[in-house]
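The values are calculated or read from the model by the stated rules, or taken from the named source; none is laboratory data. In this text, all values refer to a predicted model and were calculated from it rather than measured experimentally. Using ideal geometry, Cβ is built from the backbone for each residue, glycine included, and neighbour counts are taken over all protein chains shown.
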Amino acid sequence: MTKIIDYYLSLNSPWAYLGGRKLADIAAQNRATVQVKPVAPNEVFPRTGGLPLPKRAPERQAYRLIELNRWRRVRGLPLNLQPKFFPAPEELAACLVLAAGQHGGNALALANAIGAAVWAEERNIAETGTLSEIARATGHHDTDLMAAALDPAVRSQYHALNEEAVRRGVFGFPSYIYNDELFWGQDRLEFLEYALEES
């Protein structure tokens, strides 16, 4: 029986970037399939009690930077605490990830590379040229994948995933669902790993 992890993320999220490689490793070790489901926080947060970063209290914003600094050391990943292109419009990038998943590509590798572009490489993921370069670097045919991403049906799917996320109890990103159990945040990846090992 295939183990399936539903992975809800914002491609702008530093936490998704920090946990992306760990998620890939956990999935490979447990022979699990990751279904990558990018969503828009500005469509989910108003319905689930979340606040976009600029609207959070200064104390919470300051502590976020402390935690990012801690976790970049723990995960061994480069991370710019104040990236140049954050937040970037992410709809096209999200559609590119969905198209990769639909056409036999590696959606997780693509999503992780997009996160690295924001948080480690100072690249603008709202630019078509940047996304094409990332697609090629992750083994995708960039022209075909971009054409698929621009299909209105893919855009509709992207927006439908926001409804799906709320319906399934997702309120923050990244979130992982395995066997209908929700794990919120990349700091819960070890709990996800335990669940996979026990099933």
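A few notes on this one:
- Gly105 vs. criteria over 23 Å from Phe45 (Cβ atoms) and either part of a loop (DSSP other than H, G, I, E, B) or in contact with a Cys (Cβ under 8 Å, 6 or more places away or on another chain) (or both): yes
- Scan of region 1-49 for residues that are part of a helix (DSSP H, G or I) and of a type in the set (Val, Ile, Thr), ordered by number: Ile26, Val44, Thr48
- Scan region 124-147 for residues that are more than 23 Å from Leu23 (Cα to Cα) and either in contact (Cβ under 8 Å) with a residue 12 or more places away in the chain or buried (at least 18 other Cβ atoms within 10 Å of the Cβ) (or both) and the total you get is 9.
Each row is one residue, and each column tells you yes or no for (1) basic (Lys, Arg); (2) surrounded by 20 or more Cβ atoms within 10 Å (Cβ to Cβ); (3) assigned to a loop (DSSP other than H, G, I, E, B); (4) touching a residue at least 60 places away in the same chain (Cβ under 8 Å).
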position	(1), (2), (3), (4)
Val170	no, yes, yes, yes
Phe173	no, yes, yes, yes
Leu182	no, no, no, no
Leu192	no, yes, no, yes
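- Residues located in region 14-49, provided they are in contact with a helix residue (DSSP H, G or I) (Cβ under 9 Å, 6 or more places away or on another chain) and of a type in the set (Gly, Ala, Ser): Ala16, Gly19, Gly20, Ala24, Ala27, Ala32, Ala40
- Within the span defined as region 18-36, every residue fails to be in contact with a His (Cβ under 9 Å, 6 or more places away or on another chain), surrounded by 11 or more Cβ atoms within 10 Å (Cβ to Cβ) and within 20 Å of Leu131 (Cα to Cα).
- The C-beta contact set for region 97-121 (first residue in contact (Cβ under 8 Å) with a residue 24 or more places away in the chain and polar (S, T, N, Q), second residue part of a helix (DSSP H, G or I) and surrounded by 24 or more Cβ atoms within 10 Å (Cβ to Cβ), distance under 7 angstrom, 6+ apart or interchain) comprises Asn106/Ala100; Asn112/Gly20.
- Selected residue [modelled with pLDDT under 95 and surrounded by fewer than 20 Cβ atoms within 10 Å (Cβ to Cβ)] from Pro41, Pro58, Pro52: Pro52
- All told, Leu161 falls short of being closer than 16 Å to Gln35 by Cα, over 18 Å from the mean Cα position of the chain (by Cα) and assigned to a helix (DSSP H, G or I).
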